[in-house]
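> Before anything else, here's the structure in question.
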Amino acid sequence: MYFDDFLNRLKGGLPALVLLFGESDGVIAEGARALREQFRKQSPDGTLQTYDGGSDKLGEVLAAAQTASLFSGAQMLLVQHGEKILGGHAEAALEQLKEYFQNPNPSSHLVFLAPGLRKTVRAVAAAERMGWAVQCSDMPEWKLAGWLKQQAQALGLALPEEAAQLLVQKTGPDIAYLRRALDQLALYVYPQKATDVEMVKELPVPGVESEIFPLLDAVGLRQAEKALGLMARLGEGVDTGTIMLLYGRIRELLAVALGRSKGMSQADAAQKLGLHPFRLKALWEQSGQFSTEELKGALRDLIRLQAGVVTGRLGKAVPAVYLEMWVLKWGKKRPFTTHR
């Protein structure tokens with residue numbers, strides 16, 4: 001099942017086994033949080049045990065699951081790095097699970113967190129037979145604001161659509177960070193229960209993108225001097241994440257610019273690219289600062305920089321210097337090549 005289905009089904013109670021797998025660490029983390037929260041509601045006196053699939057054996061986990069707790073009526077056994085137990089050729093592990101589920105402990109709930117595990121792995125089909133297998137992919141951008149508003153409602157917080165969209169922009173698409181940002185917003189406005197765009201603008205939010213959000217806009221608007229000043233003030237410095245976020249922004253701008261060149265309206269581009277109109281409006285303005293050829297060149301340079309970082313060919317201090325050169329190269333306006 002997909003993550004949306006998982007959240008809806010979770011309201012009905014916990015199964016004996018849950019496998020959270022896929023490419024999104026943030027979605028897996030949010031799924032684990034939701035499971036723990038549901039477990040606490042369902043079994044206030046229950047116990048939670050955490051294991052590491054990289055060092056703990058599955059047999060130890062199953063032995064603990066089979067053993068009834070002396071102090072509570074229920075227990076959750078959460079296995080981090082579950083892909084190390086269930087990934088690849090895991091026939092022995094699957095046989096152990098199958099044997100356990102011939103006579104499972106009804107008071108035990110097994111949870112495996114397996115980032116990177118693919119749907120084609122046999123363990124996924126086995127988990128679907130024994131409980132739930134939840135595919136954790138990044139939530140589409142057009143769904144994020146709606147999901148955020150639902151989460152706010154559960155906290156008793158009124159979050160308007162435009163404020164939700166701005167919070168997504170400031171925090172980034174990682175729903176674990178979005179959840180933390182929402183909790184922080186609730187504290188920020190307390191004892192009020194209503195929020196607005198101005199409150200979100202003022203909120204210092206957690207997350208990878210929050211520190212470089214103004215930098216992304218400065219680059220998109222070709223404000224080189226401002227972008228360089230913001231780079232110098234980055235708390236964690238320039239790293240791989242910074243480069244990838246800039247790559248993502250330039251790629252979005254290229255997609256919008258190509259849509260504009262084909263005569264698309266903002267509404268058409270938003271629908272075609274799967275972007276919310278609120279976000280598309282900002283990208284539309286920024287894409288007008290570049291030609292498509294400039295955006296393609298800027299992307300190529302970022303790909304080369306990223307490759308140098310990943311392969312280790314560039315020293316620790318080099319990416320910051322290269323990125324400053326990139327901003328100077330592509331961040332200055334060139335009236336004779338821009339289009340409106």
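Where a number appears in this text, it was derived from the coordinates with a stated rule and is not lab data. Here the structure is a predicted model, which is why all the values come from computation and not from measurement. Backbone-built Cβ (ideal geometry, glycine too); neighbour counts: all protein chains shown.
> Holding the Cα-Cα limit at 31 Å, pick out from Lys149/Lys272; Lys149/Lys226; Lys84/Lys272; Lys226/Lys296; Lys11/Lys272; Lys41/Lys143 the pairs that are longer than that.
In this structure, Lys149/Lys226; Lys84/Lys272; Lys11/Lys272 lie more than 31 Å apart at Cα.
> So how do Asp217, Asp5, Asp196 line up by other beta-carbon neighbours within 10 Å, fewest first? Write out the running numbers ahead of the final one.
Values: Asp217 18, Asp5 12, Asp196 15.
Fewest-to-most ranking of Asp217, Asp5, Asp196: Asp5, Asp196, Asp217.
> Within a 10 angstrom radius of the beta carbon, how do Tyr247, Tyr2, Tyr100 rank from fewest other beta carbons to most?
Values: Tyr247 17, Tyr2 13, Tyr100 22.
Going from sparsest to densest Cβ surroundings: Tyr2, Tyr247, Tyr100.
> Treating the chain as a set of equal point scatterers at the Cα positions, no solvent, please give the Debye-formula log₁₀ I(q)/I(0) at q = 0.08, 0.13 Å⁻¹.
Values returned for q = 0.08, 0.13 Å⁻¹ are -0.49, -1.07.
> Which far-off residues, 5 or more places away or on another chain, put their amide H under 5 Å from the one on Thr195, with H placed in the peptide plane?
Distant-sequence amide H within range of Thr195: Ala158.
> To the nearest 500 deg cm²/dmol, what mean residue ellipticity at 222 nm is calculated for the chain from DSSP H runs of n ≥ 4 alone, each contributing -39,500 (n - 2.57), summed and divided by the residues?
-17500 deg cm²/dmol
> Return Ile243, Ile250 ranked ascending by Cβ neighbour count within 10 Å, so the fewest neighbours appear first.
By the 10 Å Cβ count, ascending: Ile243, Ile250.
> Hey, if you drop one equal point scatterer on each alpha-carbon of the stretch 141-202 and run the Debye formula without solvent, what base-10 log of I(q)/I(0) do you get at q = 0.28 Å⁻¹?
The computed values of log10 I(q)/I(0) come out as -1.36.
> At 0.36 nm per residue, minus the direct Cα-Cα distance, what do Lys201 and Thr120 gain on full extension? Give it in nm, one decimal, please.
Details: separation 81, 0.36 × 81 = 29.16 nm, distance 4.27 nm.
Computed gain between Lys201 and Thr120 is 24.9 nm.
> Determine, from the Cβ-Cβ distance of Ala154 and Phe101 and an R0 of 30 Å, the FRET efficiency 1/(1 + (r/R0)^6), rounded to the nearest 0.05.
About 0.40, to the nearest 0.05.
> List the residues whose amide H sits under 5 Å from the amide H of Leu48, counting only those 5 or more places along or on another chain, with H placed 1.01 Å from N in the peptide plane.
For Leu48, whose amide H was placed from the backbone, the distant partners under 5 Å are Met76.
> Could you sort the peptides 78-90, 251-263 by per-residue average Cβ neighbour count (10 Å cutoff), highest mean leading? Show your work: numbers first, answer last.
Numbers: 78-90: 20.1, 251-263: 17.8.
Going by the mean number of other Cβ atoms within 10 Å, highest first, we get 78-90, 251-263.
> Output the peptides 123-134, 41-52 sorted from most to least packed, where packing is the average of other Cβ atoms within 10 Å over each peptide's residues.
My ranking of the peptides, most packed first, is 123-134, 41-52.
> Calculate the FRET efficiency for Lys193 and Arg129 from the Cβ-Cβ distance with a Förster distance of 45 Å, rounded to the nearest 0.05. Write out the running numbers ahead of the final one.
Details: r = 44 Å, r/R0 = 0.98.
In this case the efficiency is close to 0.55.
> Right, something else. List the extent of the Cα atoms of the stretch 40-185 along each of their three principal axes, largest first, rounded to whole Å.
52, 38, 26 Å, listed from the longest principal axis down.
> Once you put a point 7 Å from the Cα of Asp4 and another 7 Å from the Cα of Glu37, both along the Cβ direction, what distance in nm separates them?
Taking the simple label geometry, Asp4 and Glu37 are separated by 1.9 nm.
> Right, something else. Given contacts defined as C-alpha pairs under 8 Å and at least six residues apart, what's the relative contact order of the chain, whole-number percent?
With pairs under 8 Å counted, the relative contact order is 16 percent.
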